[in-house]
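The values are calculated or read from the model by the stated rules, or taken from the named source; none is laboratory data. Keep in mind it's a predicted model, so treat the numbers as computed, not measured. We place every Cβ from the backbone using ideal geometry, glycine too, and count neighbours over all the protein chains shown. Heads up: the accessible areas ignore ligands, DNA and RNA and are worked out on the full protein's heavy atoms, side chains in. Shrake-Rupley method; radii C 1.70, N 1.55, O 1.52, S 1.80 Å.
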Amino acid sequence: MPGPLLDCLHGNIPNTPPVWFMRQAGRYLPEYRALRAEKGGFLDLVYDSEAACEVTLQPIRRFGFDGAILFSDILIVPHAMGQDVRFLAGEGPDLTPRLADAALEDLSARPERFDPVYGTLRLLRRDMPEGVTLLGFAGSPWTVATYMVHGQGSKDQGAARAMAHGQRDRFTALIDAIIESTVNYLIGQIDAGAEAVQVFDSWAGSLPPEEFDAWVIEPTRRIVGALKDARPGTPIIGFPKGAGEKLPRYAERTGVDAIGLDETLDPAWADSVLPDGLPVQGNLDPMLLLAGGDRLDASIVRILDALKRRPHIFNLGHGIDRHTPIPHVERALGVLRDWQRT
Ligand code: CP3
């Protein structure tokens, strides 16, 4: 039984849209906070396959989501490419040496760092409830590069954007290296049991059109092509956050099987500009889920109505906020499951 989410990715329109939430495993859940405190750091949790399997399953048990996303992080790729990666409490990720100062050639690759993540997926294949789709993921080359170059998160991705303009050959080599590592990583995830994969492009929105084509569309197209050659039949969801009016071009040129909409997009607009039958995912505002109330219910119904003519996977427009009350998640799922297709 492949499950309704996988069916939807293959183009079927079920009565109630399947649902999962980006960042559905994490700090808004007390059971996550307890295990995280026991294991120490975030990376200790990610590289402990048993613990990561447990964390992946926590939101499935609690809410009955149709998809379980591997518990890991997009910054595992830089770690496997040889950067030191740390997650500092309250400060976010820290990568050294940052590639604004160091050369790619100075890093020594550590591909074995992917192994425990594959171990997590194999455990999940064993323990996953019937009908729940197992999702793997990676960051897009552009988004991963923004962290590798600056060494941290940044407001405007300025260091990577400047390198892309000013040291084009160097930046191209970095993107090529990330593509190669990401393709290997996603093939490894599929072989270990991922039934579909999502490419997170969280910072796609910071690029002007030509740069968007060069660093978002083209690398994603190459990853999709390589995966289609090596592992045909595994759906790929692209999530170009902030793409705005560039969304249809991304959908057409990258060849992704489904596209994630962030919360800034009008779902009716997206429905009107995307290719017929292309599955879409999204796009409830995470801050409305946090706030709750009647406006939450109305927004969910508006999204469901706007996308009812095509395969639609209900999701947030971005990751769930850590302060989201659990009753709001339960309420949202109730509204979704009561919705009638008319
Ligand atoms: O969706 C899921 O539940 C699966 C796990 C997942 C995590 N990160 C776990 C995580 C996924 C899919 C990601 C993706 C990710 N990681 C992205 C792309 C999506 C997005 O949100 O834009 C990005 C940009 C990252 C990089 C990252 N990881 C940052 C900037 C941070 C620090 C900020 C923060 O929220 O703490 C992380 C840490 C992180 N990744 C946590 C979790 C649960 C919090 C770690 C903790 O327990 O302290």
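Project the alpha carbons of the chain onto their principal axes and report the range along each, largest first, in whole Å.
Computed over the Cα atoms, the extents are 57, 46, 38 Å.
For the chain, set up a GNM with springs between Cα atoms under 10 Å and report which of Thr143, Thr264, Thr120 has the largest fluctuation.
Evaluated over the chain, the most mobile residue of the options is Thr264.
Pick out, in residue order, every one of the GluC sites (Glu not before Pro) in segment 75-118 that is DSSP loop and has at most 13 other C-beta atoms within 10 Å; say none if there are none.
Numbers: sites: Glu91, Glu105, Glu112; in loops: Glu91.
When the GluC sites (Glu not before Pro) of segment 75-118 are filtered for loop state and at most 13 Cβ neighbours within 10 Å, Glu91 remain.
Please compute the modelled spin-label separation between Glu91 and Ser108, points set 7 Å along Cα→Cβ, answer in nm with one decimal.
Result for the modelled spin labels: 2.7 nm.
Residues of the chain: accessible area per residue at 1.4 Å, in Å²? Mind showing how you got there, number by number?
Values: 13640 Å² over 342 residues.
Computed with neighbouring chains in place, this is 40 Å² per residue.
Kirkwood hydrodynamic radius, computed over distinct alpha-carbon pairs, for segment 21-93: how many Å, to one decimal?
Values: mean 1/r = 0.0774 Å⁻¹.
Evaluated over segment 21-93, this radius sits at 12.9 Å.
Assuming 0.890 mPa s and 25 °C, estimate D for segment 154-236 with Stokes-Einstein, Rh taken as the Kirkwood radius over Cα pairs, in µm²/s.
Values: Rh = 13.8 Å.
Using the Kirkwood radius from Cα pairs, D works out to 177 µm²/s.
Which whole number in µm²/s is D for segment 2-157 by Stokes-Einstein, with the Kirkwood Rh taken over Cα pairs at 25 °C and 0.890 mPa s?
On the way: Rh = 16.9 Å.
Estimated diffusion coefficient is 145 µm²/s.
Which one, Gly92, Gly41, Gly158, has the greatest fluctuation when you compute a Gaussian network model over the chain with C-alpha springs under 10 angstrom?
Fluctuation is largest for Gly92.
Post the alpha-carbon centroid distance, segment 1-40 to segment 278-309, in whole angstrom.
17
In a Debye calculation with equal point scatterers on the alpha-carbon sites of segment 217-298 and no solvent, what is log10 I(q)/I(0) at q = 0.21, 0.24 Å⁻¹?
Normalising to I(0) and taking log10 leaves -0.95, -1.12.
Give the share of C-alpha pairs in each 5 angstrom bin for segment 78-129, from 0 to the last occupied bin, in whole percents, shortest bins first.
5, 17, 18, 17, 15, 13, 8, 4, 2, 0
For segment 84-95, in order, what is each residue's ³J(HN,Hα) by Karplus, 6.51 cos²θ - 1.76 cosθ + 1.60 with θ = phi - 60°, in whole Hz (x at glycine and Pro)?
7, 10, 10, 10, 8, 3, x, 10, x, x, 9, 10
Going by Cα centres, segment 87-112 and segment 225-242 are how many Å apart?
26
Could you sort the peptides 270-281, 166-177 by per-residue average Cβ neighbour count (10 Å cutoff), highest mean leading? Provide the component values of the computation, followed by the final result.
Numbers: 270-281: 17.0, 166-177: 14.9.
Listed from highest to lowest mean packing, they are 270-281, 166-177.
Using a simple charge model, +1 on the beta-carbon of Lys and Arg, -1 on the beta-carbon of Asp and Glu, nothing else, what dipole does segment 27-113 show about its Cα centre, in debye to the nearest 20? Could you put the intermediate results ahead of the total?
Values: 10 positive and 15 negative charges, 72 e Å.
With Lys and Arg at +1 and Asp and Glu at -1, about 340 debye.
Evaluate the charge dipole of segment 4-338 about its Cα centre and quote only its size in Debye, nearest 20, assuming +1 on the Cβ of each Lys and Arg and -1 on the Cβ of each Asp and Glu.
I would put it at about 300 debye.
Rounded to whole Å and ordered largest first, report the semi-axes of the equivalent ellipsoid of segment 98-165 derived from its Cα gyration tensor (root of 5λ).
Values: eigenvalues 219, 53, 12 Å².
Working from the Cα gyration tensor, I get semi-axes of 33, 16, 8 Å.
Dimensions of segment 104-220 along principal axes (Cα, Å, largest first)?
The Cα atoms of segment 104-220 stretch 49, 31, 23 Å along their principal axes.
At 7 Å along the Cα-to-beta-carbon direction for both Arg126 and Asp176, put a label point, then send me their distance in nm to one decimal.
Between Arg126 and Asp176, the label points sit 4.1 nm apart.
Suppose a student asked you for the relative contact order of segment 4-338, using Cα pairs under 8 Å spaced at least 6 residues apart; what percent would you report? Spell out each step's value before the answer.
Numbers: 598 pairs, mean separation 65.5, N = 335.
Relative contact order of segment 4-338: 20 percent.
Of all DSSP beta bridges located in segment 4-338, what percent are antiparallel, nearest 5?
Values: 5 of 28 bridges.
Bridges in segment 4-338 are about 20 percent antiparallel.
How fast does segment 190-342 diffuse by Stokes-Einstein, in µm²/s, taking the Kirkwood radius from C-alpha pairs at 10 °C and 1.306 mPa s?
Estimated via Stokes-Einstein, D reaches 98 µm²/s.
Sequence-distant or interchain residues sharing an amide H contact under 5 Å with Ile69, placed H: which?
Counting only residues 5 or more places away or on other chains, the set is Leu135.
Calculate what fraction, in whole %, of the accessible area of segment 4-338 sits on carbon and sulfur atoms when a 1.4 Å probe is rolled over the protein chains.
Using a 1.4 Å probe with all protein chains present, segment 4-338 comes out at 48 percent carbon and sulfur.
Looking at segment 81-155, which chymotrypsin sites (Phe, Trp or Tyr not before Pro) are in a loop (DSSP not H, G, I, E or B) and have at most 11 other Cβ atoms within 10 Å?
Values: sites: Phe87, Phe114, Tyr118, Phe137, Trp142, Tyr147; in loops: none.
Answer in residue order: no site qualifies.
In segment 188-224, whose amide N lies under 17 Å from the spot 7 Å out along Cα-to-Cβ of Gln167? List them in ranges.
Answer for segment 188-224: none.
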